[in-house]
1. Rounded to the nearest percent, how much of the accessible area of the stretch 217-266 (1.4 Å probe, protein heavy atoms only) is carbon and sulfur?
2. Cross-link partners among aspartates and glutamates for Lys209, C-alpha distance below 15 Å, same-chain residues fewer than 8 apart left out?
3. Based on the Cβ-Cβ distance of Asp391 and Thr51, what FRET efficiency does E = 1/(1 + (r/R0)^6) give at R0 = 35 Å, to the nearest 0.05?
4. Which percent of the accessible heavy-atom area of the stretch 52-162 goes to carbon and sulfur, probe 1.4 angstrom?
5. Per residue, how much accessible area does the stretch 3-49 show when a 1.4 Å probe rolls over the protein heavy atoms, in square angstrom?
6. For a quick check of your reading of the filter: which GluC sites (Glu not before Pro) in the stretch 331-436 sit in a DSSP loop and have no more than 13 other Cβ atoms within 10 Å?
7. Within the stretch 38-90, which trypsin sites (Lys or Arg not before Pro) sit in a loop by DSSP and count at most 15 neighbouring Cβ atoms inside 10 Å?
8. Enter the accessible area per residue of the stretch 236-376 (Å², integer; probe 1.4 Å; all protein chains in place).
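The values are calculated or read from the model by the stated rules, or taken from the named source; none is laboratory data. Predicted model, so just to flag it, every value in this text is computed and none were measured. Counting neighbours? That spans all protein chains shown, and the Cβs are built from the backbone with ideal geometry, glycine included. When the accessible area is computed, the model is the full protein with side chains, heavy atoms only, and any ligands, DNA or RNA have been set aside. Shrake-Rupley method; radii C 1.70, N 1.55, O 1.52, S 1.80 Å.
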Amino acid sequence: MRAYDIIKTKRDGGVLTDAEISYFINGYTKGDIPDYQAAAWLMAVYERGMTSAETAALTRAMANSGDSIDLSGIRGPKADKHSTGGVGDKTTLITAPIVAACGVKVAKMSGRGLGHTGGTTDKLLSIPGMRVDFDRDEFVSIVNRYGICVTGSTADLAPADKKLYALRDVTATVDSIPLIAASIMSKKIASGSKNLVLDVKVGSGAFMKNEKAAGRLANEMVNIGTSAGLKVTALLTNMNSPLGYAIGNSLEVIEAVNTLKGTGPEDLTELCLTLAAHMLHLAGKGDIGECEEAARNALYSGLAYERFCWMVNAQGGDVGVIMDTSLFKKAKYYRTLTAQVSGYVSGINAELCGRAAVLLGAGRSKKEDDIDMAAGVMIETKPGAFIKSGDVVATMYSEHEELFDGANSELASAFSISPDEVAPSRLIIREISNAD
Ligand code: URA
């Protein structure tokens, strides 16, 4: 077999065999196939797509490209979640402790930010001392002891995804259904998930811009889960505007802590409770109504907040900054953005807000960039609200004053104001599941 022929078959719209896909993925992981051929292949897949059988073969090849993690040492029911990537998406920080407080273990492997979307490990690392680099034994032992651990994935877990993910990020091939489906599901299969809730984001801030594409992605992932023996529920959720108000690492941790204390934004709270209820349901904790009630009780009793503090402590983080979030390091500078006209907020484009946060230093433009943990954006309004000319609609934070101009122009174009009232859009759009 030759990489050249495999690229050409896909370029011309052909269907690849399991053997060809596995040859290509193994060759790329080992370094026998160079980046330039992998980049050409990714673009061919991006343009031509893949059949479900090809996507399943790609997922298997990626899942088998490194070690699998045996989580059988974790006692009791377990559940996992994954988001396809959004702006202001801090749901893991809230959902995982809710689920753990209800007696279902959460052994979660999370990733770094990708493009304009944030990553959970970056957010966690804004807590002083926090570690996200546990090996399997430490990971299992923390989960057994505290019911929860959120770590980065190890170097040996689905290494094909690590290489391809970085290459996709710089070759404009991220937003492809088969590539996202295989990327997410290969990691979930290799990391031993059995009960998985997928938050499939739809809208301007998501990789899938419309419901039809998001539905296809969700179906693809649920089908892959079925053939790998995983129970999977995918929720299509709205990512047209940022989730909550905070975008940026420590800003998002602070908002997550407020949410865990019961005073978070409504949209974020509702989504976290729904995700948690579905995780509990897949783990066998009752029907969905019972699980919703359990999740609500865990949140409003303070047990989920307490669980988050345990997790931070177990992962080496400073619980003092969680108990008093004013102790988080602050950005040196801030600048506000004000409305130019009065009217109803008809849209807050999440992708532009995410890009503004990256420009302020909250994300990476190149994969080796350092992150400014205190940088980001606080949105001060929500779609549907009435605002007056001169009202502050967002505040930007950064360590470097010269970054404000670039971020300001992205952010200013994110806001649409209309003279007419705007109907609220649905947060949870629909559900696709292979469980009952
Ligand atoms: N999240 C992933 O893990 N992979 C993708 O390709 C996109 C989002």
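1. Carbon and sulfur together cover 44 percent of it.
2. Filter leaves Asp175, Asp199, Glu351.
3. Using R0 = 35 Å, I get an efficiency of 0.10.
4. Reported share for carbon and sulfur atoms: 48 percent.
5. Accessible area per residue: 52 Å².
6. Hits after loop and neighbour filter: Glu368, Glu421.
7. Within the stretch 38-90, the qualifying trypsin sites (Lys or Arg not before Pro) (loop, at most 15 other Cβ atoms within 10 Å) are Arg75.
8. Counting only protein heavy atoms, the per-residue value for the stretch 236-376 is 42 Å².
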